[in-house]
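This is the structure, below, for whatever I ask next.
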Amino acid sequence: MIESLDSWLDRQYRHAAKLMLRSVSPRGLVKIRPGFGMTVRAQLGAIVASPVLGAYDPDPDYFFHWYRDSAVVIDALRQLFQDGLEPSAPAHFADFVRFSLELGDLDGRTLVASPEWRARIREDYRRFLRSDAELAAVHGDAVAAETRVNPDGTIDISNWARPQHDGPALRALAVLRWIQGGALDAESSEAACALLRADLRFTLEHGGEPCFDIWEEEKGLHYYTQRVAAAALGEGAGWLQGCGQPHQADACRAAAADLFTRLDGYWLEDEGFYRSRVMPGPRSTKELDIAVILAAIHVSDRDGRHSVRDPRIHATLGRLEALFEGEYPINRDRPPGLAPAMGRYAGDRYYSGGAYYFSTLAAAELCFRAACGAESAQALALRERGDAFLETVRAFTPPSGELSEQFDQRTGEQSSAKDLAWSYAALISCATARRSAIARRAAR
């Protein structure tokens, strides 16, 4: 007998919760990077993108605390706690906040002033190092513009795409949801409020500036970054107002309104989608990008423009479906009831350049969240469309339930980082949205 989607999703949800927790405060894990002369021991509160140690052999080295990924995971942990599945979640959150606040004390000038660490680096690895000038600039606000840090709370010394501004905004949204959830003790709440203020301050000052995109590949102005910044500032304004800080609240509201106006300009009327980026020079080939869909589901807005119910967001999803249906062999002649497996953008070359679990789950979640506010007939159609994307995820999930970053667009085999925490967080978030959509229908 074929297992029902409901049964599979419930089982996979619980399995994803256990596997995702391996990335949260993984203090037993030690990563040795011989070429860099480094031994990294994860600290309490760090969240690694993947607990499977790799060195591009062929698995990538994802033993880092990415600001963006960690925010997605800590928000999924909140959902598990609300579902009664992870009672230790508030303690994990308190550790995450403490770790995040301590990162604010990082100072690359101290690192540069102690050059003996460079002597430990192999000659053939020195070309991967950041310059002294770049490292010395990492202090104050610039720490929050780092894309990632080592999970022992030290600066990442390797060349990477920087600055990146989506992490603090996404973290602000996650922290605010935890604060509003009422599950924190007084000490944890005070620390969370301090982190939230710092992230809102950073986002207010830098949310509209050019930076690297969500995929850490191109520098410019990006829909995803500006959308999560607008949400963080808009929701943060309400919180600041309630805290008796009306001037800061007004500044955040004004900045959020400005960002929304900018976001309107990303719509390409003739092509029928929100472009993901505005770059200097010729138009980017990556403009049609799943990042736009991720932006819609990573914020809380249910209505209005740039929300999960924005018709232009759904038009963008339709264009992405058509793109990947034609580009990926696994989407051709697929069984009835399956939607296309979704990737990032046309011509992706990272690892297999194939489908991503979190991309396909994002498409499903968008449908479920849109269904929550839709009229009955439309809601049913949206839920069925979301289920079709979930069926695709199920089709390419192995019996072990383990989710990598990608599955190959030709063979369906998993590729890139194993046990990606974001993949599990995406499934948790998607399943939660589906339950909400079903509950709304039952309540009518």
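Quick note: the coordinates plus some simple rules give every number you see, no bench work behind them. Every value quoted in this text rests on a predicted model; they were computed, and no experiment measured them. Glycine also receives a Cβ, built like all others from the backbone with ideal geometry; neighbour counts cover every protein chain displayed.
In whole Å, largest first, what are the principal axis extents of the Cα atoms in the range 12-264?
The Cα atoms of the range 12-264 stretch 54, 40, 32 Å along the principal axes, largest first.
If the viscosity is 1.567 mPa s and the temperature 4 °C, what translational diffusion coefficient in µm²/s does Stokes-Einstein give for the range 265-444 when Rh comes from Kirkwood over Cα pairs? It would help to have the intermediate numbers written out before the result.
On the way: Rh = 16.5 Å.
In µm²/s, the coefficient rounds to 79.
To continue, here is another question. Taking amide H positions as placed 1.01 Å from N in the peptide plane, with prolines and chain starts having none, which residues 5 or more places from S415, or on another chain, fall under 5 Å of its amide H?
E405, Q406, F407, D408
A further question follows. How do 172-183, 390-401 rank on mean C-beta neighbours within 10 Å, highest first?
172-183, 390-401
Sticking with the crude label model, points 7 Å out along Cα→Cβ, report the distance from W160 to R109 in nm, one decimal please.
2.3 nm
For the range 275-312 and the range 378-437, write down the distance between their C-alpha centroids in whole Å.
20 Å
What list of ³J(HN,Hα) couplings, whole Hz, do you get for the range 76-85 from phi and the Karplus terms 6.51, -1.76, 1.60, once you set θ to phi - 60° and write x for glycine and proline?
After applying 6.51 cos²θ - 1.76 cosθ + 1.60, I find 5, 5, 4, 5, 5, 5, 5, 7, x, 9 Hz.
If you take the square roots of the eigenvalues of the alpha-carbon gyration tensor of the range 1-126 and sort them as a ≥ b ≥ c, do you get rounded (a/c under 1.5), prolate (a/b over b/c) or oblate?
Since a/c reaches 1.5 but b/c is at least a/b, the shape of the range 1-126 is classed as oblate.
Through the Karplus equation 6.51 cos²θ - 1.76 cosθ + 1.60, θ set to phi - 60°, convert the phi angles of the range 271-281 into ³J(HN,Hα) values in whole Hz; use x for Gly and Pro.
Per-residue couplings from phi come out as 9, x, 7, 7, 6, 8, 7, 10, 10, x, x Hz.
Give me the percent relative contact order of the chain, please, defined on Cα pairs under 8 angstrom at least 6 residues apart. Let's see the in-between values first.
On the way: 803 pairs, mean separation 66.8, N = 444.
The normalised contact order for the chain reaches 15 percent.
Ok, one more. In whole Hz, what ³J(HN,Hα) sequence does the range 126-136 give by Karplus (6.51, -1.76, 1.60; θ = phi - 60°), x for Gly and Pro?
Going residue by residue, I get 5, 6, 8, 7, 6, 6, 4, 5, 5, 5, 5 Hz, with x marking Gly and Pro.
Would you mind checking K31/K418; K31/K219; K219/K418 for any pair whose Cα atoms are more than 18 angstrom apart?
K31/K219; K219/K418
Distance from the Cα centre of the range 1-55 to that of the range 165-232, in angstrom?
23 Å
Still on this structure: Based on the mean of other beta carbon atoms within 10 Å per residue, what is the order of 114-123, 58-67, most packed first?
Peptide ranking by packing, descending: 58-67, 114-123.
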